[in-house]
1. For segment 12-19, indicate whether the set of residues that are under 21 Å from P119 (Cα atoms) and not in a strand (DSSP E or B) is non-empty.
2. Please verify whether segment 18-39 includes one or more residues that are under 17 Å from E128 (Cα atoms) and not small (G, A, S).
3. Is it the case, given these coordinates, that L26 is within 16 Å of the ligand (Cβ to nearest atom) and either modelled with pLDDT of 95 or more or over 15 Å from the mean Cα position of the chain (by Cα) (or both)?
4. How many residues does segment 82-137 hold that are without any contact (Cβ under 8 Å) to a residue 40 or more places away in the chain and at positive phi?
5. Of all residues in segment 95-134 being among the β-branched types (V, I, T) and within 15 Å of the ligand (Cβ to nearest atom), which is surrounded by the fewest Cβ atoms within 10 Å (Cβ to Cβ)?
6. Looking at segment 111-135 only, could you name the residues that are within 17 Å of H77 (Cβ to Cβ), among the hydrophobic types (A, V, I, L, M, F, W, C) and not in a loop (DSSP other than H, G, I, E, B)?
7. Filter segment 94-104 down to residues that are more than 19 Å from L132 (Cα to Cα) and either modelled with pLDDT under 95 or among the hydrophobic types (A, V, I, L, M, F, W, C) (or both), then give me how many there are.
8. Tell me which residues, restricted to segment 35-68, are acidic (D, E), closer than 19 Å to S4 by Cα and more than 11 Å from the ligand (Cβ to nearest atom).
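The values are calculated or read from the model by the stated rules, or taken from the named source; none is laboratory data. Small disclaimer: the values here were computed from a predicted structure and weren't measured. All Cβ positions, glycine included, derive from the backbone under ideal geometry; neighbour counts span all protein chains shown.
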Amino acid sequence: MIQSIDHLGIAVRSIDEAVPIYETALGLRCLGREEVASQRVKTAFFDVGGVHLELLEPTAPDSPIAKFLAEKGEGIHHIAFRTDDIKGQLEQAAAGGVRLINAEPFEGAAGKLVAFLHPKSTRGVLTELCALKPGENAH
Ligand code: ZN
């Protein structure tokens with residue numbers, strides 16, 4: 001079952017330049033930064049009432065974020081829903097006719113399991129499903 005919006009992913013060319021904007025213009029505090037090697041991105045997180053903003057900067061030319069920036073420029077890249085059953089959620093999406101980018105969840109930022117649904121199937125919105133790994137608590 002989908003439990004909440006976990007985070008919004010925002011593609012940026014430079015996290016170092018983007019973080020101060022969120023900190024000074026909106027008064028948000030950066031909770032941390034992380035590099036996700038599997039996605040070839042650097043991330044910075046902000047908490048907004050339990051929903052995170054996840055700034056994403058590519059670390060390689062073949063990063064999915066590099067391709068997004070080249071095609072669309074900076075902006076909202078994806079919406080992520082938290083679920084307590086990522087495999088069941090993927091099966092439900094596939095059964096509903098949605099094209100899956102990842103048929104199997106993989107390890108994303110903050111040690112969560114994540115999988116993406118294709119934006120062509122979700123009215124242009126790249127959609128991420130994410131779940132805590134079994135045995136880990138929310139933070
Ligand atoms: Zn995400």
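1. Checking segment 12-19: at least one residue is under 21 Å from P119 (Cα atoms) and not in a strand (DSSP E or B).
2. Just the residues of segment 18-39 that are under 17 Å from E128 (Cα atoms), to begin with: 36, 38-39.
When the remaining residues are screened for being not small (G, A, S), the result is 36, 39.
Yes: segment 18-39 contains one or more residues that are under 17 Å from E128 (Cα atoms) and not small (G, A, S).
3. So L26 fails the test.
4. 5
5. Looking at residues that are among the β-branched types (V, I, T) and within 15 Å of the ligand (Cβ to nearest atom), I get V125.
6. Once the filter is applied, which keeps residues that are within 17 Å of H77 (Cβ to Cβ), among the hydrophobic types (A, V, I, L, M, F, W, C) and not in a loop (DSSP other than H, G, I, E, B), segment 111-135 yields V114, A115, F116, L117, L129, C130.
7. 5
8. Correct list: D47 only.
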